[in-house]
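Written out below as structure tokens is the structure these notes cover.
The values are calculated or read from the model by the stated rules, or taken from the named source; none is laboratory data. Remember, predicted model here, so these are calculated numbers, not experimental data. Note that each Cβ is placed from the backbone with ideal geometry, even for glycine, and that neighbours are counted across all protein chains shown.
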Amino acid sequence: MRRQLITITAAAVTAIALTACGSGNTPASAGASPTEILTPTASSDPTEEPADDTPTEDTAEEPGPETDINTAADANGWSWDDGTYDTPADEVQDICDTLDDLKSEDAHDNFSQWLVDGEHTDDGKLLKGGIPKLCPGWKKVVTAALNGTYEHWYSNGKYEVGKDIKPGTYRTKGDLEDCYWERLTRSGEIIANNFASAAREITVTVRSSDGMFTSEGCGTWKPVK
């Protein structure tokens, strides 16, 4: 009887141990309720929205001189060559670059005249508003071109004395071929004229009493200082 009781007791202990262990499952923590075990922590909640990392600082770029020119041109109706350039500022920048090139190459010595001859002053608003922002070193040249306060040169054409050409003495130099010039009265009569098939230098004095001065193929007439 004693041996049988010991055997039964041993078997009971083994059964209790197996019941406590379960079928290979991890036992619940001591003292923790099922609700506490199954409730996920706040950090692992799949429904939590991710943090918004979008910067709140305003990163918009400050407007530059090109933007200022384009905005002013649009607001004030400045005319510009939209068939050649993408923006008004592009046209102004091209004029700035060309003036720099002419100066560095010593290709011109009357930049105000170049602006006028190239019809860049037809709408002076673009030059007046744009040049000081992109190439302020040319501001005086632009002002002189717009005001007409520069040394005027004359090439081929017909000029009304006192309106298109100032009275004075003018000279043209270079390899002149087939150069024709004439001074006319207000009624269109010839005062003086000449045709030079070949010449190196020609000088003409235009008087205030003249009505018209005409030049064809004579190069550029510059005032004699």
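Looking at Glu62, is it at pLDDT below 90 and either surrounded by 10 or more Cβ atoms within 10 Å (Cβ to Cβ) or under 17 Å from Lys133 (Cβ atoms) (or both)?
On the way: at pLDDT below 90: yes; either surrounded by 10 or more Cβ atoms within 10 Å (Cβ to Cβ) or under 17 Å from Lys133 (Cβ atoms) (or both): yes.
The answer is yes for Glu62.
Apart from one condition, Leu99 fits all of (1) crowded, with 16+ Cβ neighbours inside 10 Å; (2) modelled with pLDDT under 95; the exception is (2). The residues of the range 175-225 that are under 20 Å from Asn110 (Cβ atoms) and among the hydroxyl-bearing types (Ser, Thr, Tyr), listed by number, are Thr203, Ser215, Thr220. The set of residues in the range 154-178 being more than 21 Å from Arg207 (Cβ to Cβ) and free of Cβ contacts under 8 Å to residues at least 40 places away in the same chain consists of Asp175, Asp178. One residue stands out in the range 70-89 among those that are buried (at least 16 other Cβ atoms within 10 Å of the Cβ) and touching a residue at least 24 places away in the same chain (Cβ under 8 Å): the one that is nearest to the chain's Cα centre (by Cα), namely Ala89. Of everything in the range 138-164, what is over 16 Å from Thr220 (Cβ atoms) and under 35 Å from the mean Cα position of the chain (by Cα)? Give them in sequence order. Passing the criteria: Trp138, Lys139, Lys140, Val141, Val142, Thr143, Ala144, Ala145, Leu146, Asn147, Gly148, Thr149.
Of the residues making up the range 90-118, those that are within 23 Å of the chain's Cα centre (by Cα) and acidic (Asp, Glu) number 6. The strands (runs of 3 or more DSSP E) found entirely in the range 109-225 that carry 3 or more residues being buried (at least 18 other Cβ atoms within 10 Å of the Cβ) are 168-184, 190-206, 212-216.
The condition of being of a type in the set (S, T, N, Q) and over 30 Å from Trp221 (Cα atoms) holds for Asn76.
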